[in-house]
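The values are calculated or read from the model by the stated rules, or taken from the named source; none is laboratory data. Note that the coordinates shown come from a computational prediction; the quantities given were computed from them, not determined experimentally. Please note: Cβ atoms are built from the backbone with ideal geometry, for glycine as well, and neighbour counts cover all protein chains shown. Accessible surface areas use protein heavy atoms only, side chains included; no ligands, DNA or RNA. Shrake-Rupley method; radii C 1.70, N 1.55, O 1.52, S 1.80 Å.
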Amino acid sequence: MVQPMKRIVRNGKRILVPATEKVVDNKGYDKQRMRNEPERIRFYKSARWKKARTLKLIDNPLCEQCSTDEHPVLAEMVDHMIETNTSEGWERRLDNEHLQSLCWSCHNKKTFSK
């Protein structure tokens with residue numbers, strides 16, 4: 001029996017997934033964040049953050065969670081180990097020791113599991 005499929009966009013690519021798979025829509029989350037956290041949004045658009053992010057990905061280009069020697073996974077995101085919505089996280093937001101390189105999958109598991 002053929003399973004019904006639906007087309008979604010994941011990580012910027014159009015893919016087919018089973019129609020029963022739950023799809024997380026982050027657009028509402030991002031809009032709410034823009035309204036309620038303008039200082040954090042300005043930070044993520046700043047040249048300082050973009051430079052820190054680029055340096056971290058150059059320094060550690062593989063996912064720190066799931067990448068292995070046998071199966072290397074390219075990191076696409078730089079994540080803060082301590083959330084920036086806490087005072088400690090905000091103070092350490094550009095500290096390289098506080099950042100980790102993650103693939104989209106690991107980043108989304110961490111971010112949306114809360």
Subject >> 24 Å Cα-Cα threshold exceeded, pairs from K6/K45; K13/K109; K13/K110; K56/K110; K22/K51; K22/K110 >> reply: K6/K45; K22/K51
Subject >> Sequence of E39, E97 when ordered by accessible area, the most exposed leading, probe 1.4 angstrom >> reply: E97, E39
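Carbon and sulfur: what percent of the chain's accessible surface (1.4 Å probe)?
The computed percentage sits at 53.
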Subject >> Relative contact order %, the chain, counting alpha carbon pairs below 8 Å whose residues are six or more apart >> reply: 19
Original post:
Once the Cα atoms of helix 47-59 and of the chain are each reduced to a long axis, what angle between those two axes, in degrees from 0 to 90 to the nearest 10, is obtained?
Top reply: 70
Subject >> Gaussian network model of the chain, Cα within-10 Å springs - most flexible of A47, A75, A19 >> reply: A19
Original post:
At what distance in nm do the modelled label points of I8 and E91 sit from each other, each positioned 7 Å from its Cα along Cα→Cβ?
Top reply: 3.9
Original post:
Per residue, how many Å² of accessible area does the chain show with a 1.4 Å probe?
Top reply: 76
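Counting helices only, and only those DSSP H runs with n ≥ 4, report the 222 nm mean residue ellipticity of the chain as the sum of -39,500 (n - 2.57) divided by its residues, in deg cm²/dmol to the nearest 500.
-11000 deg cm²/dmol
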Original post:
Ranked by accessible surface with a 1.4 Å probe, highest first, in what order do E70, E76 come?
Top reply: E70, E76
